[in-house]
Structure formats: C-alpha cells, structure tokens
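What follows is a single structure, written as structure tokens, with notes after it.
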Amino acid sequence: MKLEITREHIKNGIPGDASYCAIACAVAEKYKVPSDWVGVEGSDNIFISTTDYWLELDVSNEDRQPINDFINDFDSIENMEDERIELYRNTLPEISFNYKEIRR
C-alpha cells in the first residue's frame, strides 16, 4: 500500500504532535479515523489505536530514512519564528511511502 503526504497535510499538520503531524493527518484521512487515534513516533512506529483496534503501518525499508528525514524537517517548524513558518511549510516536499498493514 502507499500513503501520500500532500501539501494540505503539511500545511495543516502540527509539528511535534504525534497525532496531528502531517503524516498523522494523512493516515487519519486515508483510514477515515479521528487524528487522536493515530500515532507517529518515527518511521518504525506509525499506528492507529483504540481500545478495541490496533493497526500498524509497517513502512518499507527503503522508505524509512526518507520518512524519518521528513519528520525531522517537519518537526523543526515548531522552533521557527512565526514569519518563517508558512514559507518553510511551502518548501517542504510532498512525500509518499510504501507500507503493509499489520493488524493485532
């Protein structure tokens, strides 16, 4: 499977927030779940979780480093001066990654 992180996700995501970052927004949209059900703690820990449901997105090996780089770049926004944030969000590239689902 493939997940696309679009300009819209980048613009609306909250840096440093595991449930509302750009990747979490893309996961929530694709699976039609609330963002607070989603967790993104690096390329090796992307999941949807409720008391009754667990789905892990197992990112392909070749996409792990690009995703970790994207997360680091996106999270750096939270330390920027307000006037630079929108410009930086517009320069971050859209990204996609391949994964397989692991249900528990």
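The values are calculated or read from the model by the stated rules, or taken from the named source; none is laboratory data. Not measured: the values here are computed from a predicted model. Methodologically, a virtual Cβ is constructed for each residue, glycine included, from the backbone with ideal geometry; neighbour enumeration extends over all protein chains shown. The protein model used for the area step is the full one, side chains on, heavy atoms only, and it has no ligands, DNA or RNA in it. Shrake-Rupley method; radii C 1.70, N 1.55, O 1.52, S 1.80 Å.
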- Subtracting the Cα-Cα distance from 0.36 nm times the residue separation, let me have the gained length for Asp44 to Asp75 in nm, one decimal. 9.5 nm
- Message: Using each residue's phi in the stretch 4-21, evaluate 6.51 cos²θ - 1.76 cosθ + 1.60 at θ = phi - 60° and report the 3J(HN,Hα) Karplus result to the nearest Hz, with x for Gly and Pro.
- Response: 9, 9, 8, 4, 4, 5, 5, 5, 9, x, 10, x, x, 10, 4, 9, 10, 6
- Zone of Lys100 (label point 7 Å along Cα→Cβ, backbone N under 11 Å): which residues in the stretch 51-82? 58-61
- Computed, not fitted: 222 nm per-residue ellipticity of the chain from DSSP H runs ≥ 4 (each -39500 (n - 2.57)), nearest 500, equal to -11500 deg cm²/dmol
- Task: Determine the per residue accessible area of the chain with all protein chains present and a 1.4 angstrom probe, expressed in square angstrom.
- Result: 58 Å²
- Item | Debye-sum result for the chain in log10 I(q)/I(0), which assumes one identical scatterer on each alpha carbon, at q = 0.11, 0.22 Å⁻¹ | -0.30, -1.16
